Amino acid sequence: MSEHVRAELRRSGGFTGRPLHVRVDSASMPPADAVELVRLVSAIDLGGLPASGAGLPHGADLMTYELMVERGGKRWQGTVSDPSVPASLRPLLQFLTRYSQGHSA
C-alpha cells in the first residue's frame, strides 16, 4: 500500500456513557483494514470539514467524537456531535468504532 493514513478517535457521551479511544495507522494494520481505512479517509474532503466544536448540540445522551485524521501530509482535527455529524464522516466513525471492538489500539 502506497498511501499512509492515520486516525485517532475519542468518543464520549451516549446513553451508556462508555468512552472509546482508538488510534490506527494504515502502515501497521492488517492489509484489508488498511485498504478500507484509506478508502474511507479518501472519500472525505478534510479541508471542507469544520474543525471546531463550537455550537455543538448538548445533551447527556448525545455522542461526541474527537477525531484526528492525517493523510498525504494533511491533518484535520475537530470535534463533532450527534445528531450533526457530517454525513461524510459517519462511515469513518463507524469503521473506527468497529475496529476498536475487535483490535487493541
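The values are calculated or read from the model by the stated rules, or taken from the named source; none is laboratory data. The shown structure was predicted, so the numbers you read here are calculated from the model rather than taken from an experiment. Positions of Cβ are generated from backbone atoms using ideal geometry, with glycine treated the same way; all protein chains shown enter the neighbour counts.
Quick look at the numbers
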{"read-out": "Count of residues meeting criterion [outside any helix (DSSP H, G or I), surrounded by fewer than 17 Cβ atoms within 10 Å (Cβ to Cβ) and among the charged types (D, E, K, R)] in segment 3-42", "value": "5"}
{"read-out": "Inter-residue pairs, beta-carbon under 7 Å, first over 10 Å from Ser88 (Cα atoms) and in segment 35-49, second β-branched (Val, Ile, Thr) and crowded, with 16+ Cβ neighbours inside 10 Å, 6+ apart", "value": "Leu37/Val5; Leu37/Val24; Val38/Val5"}
{"read-out": "Whichever residue in segment 51-103 is β-branched (Val, Ile, Thr) and out of contact with any Pro (no Cβ under 7 Å at 6 or more places or on another chain) and, among such residues, is modelled with the highest pLDDT", "value": "Val69"}
{"read-out": "Members of segment 73-105 found to be surrounded by 13 or more Cβ atoms within 10 Å (Cβ to Cβ), touching a residue at least 24 places away in the same chain (Cβ under 8 Å) and not in a helix (DSSP H, G or I), listed by number", "value": "Trp76, Gln77, Gly78, Thr79, Val80, Ser81, Asp82, Pro86, Ser88, Leu89, Ala105"}
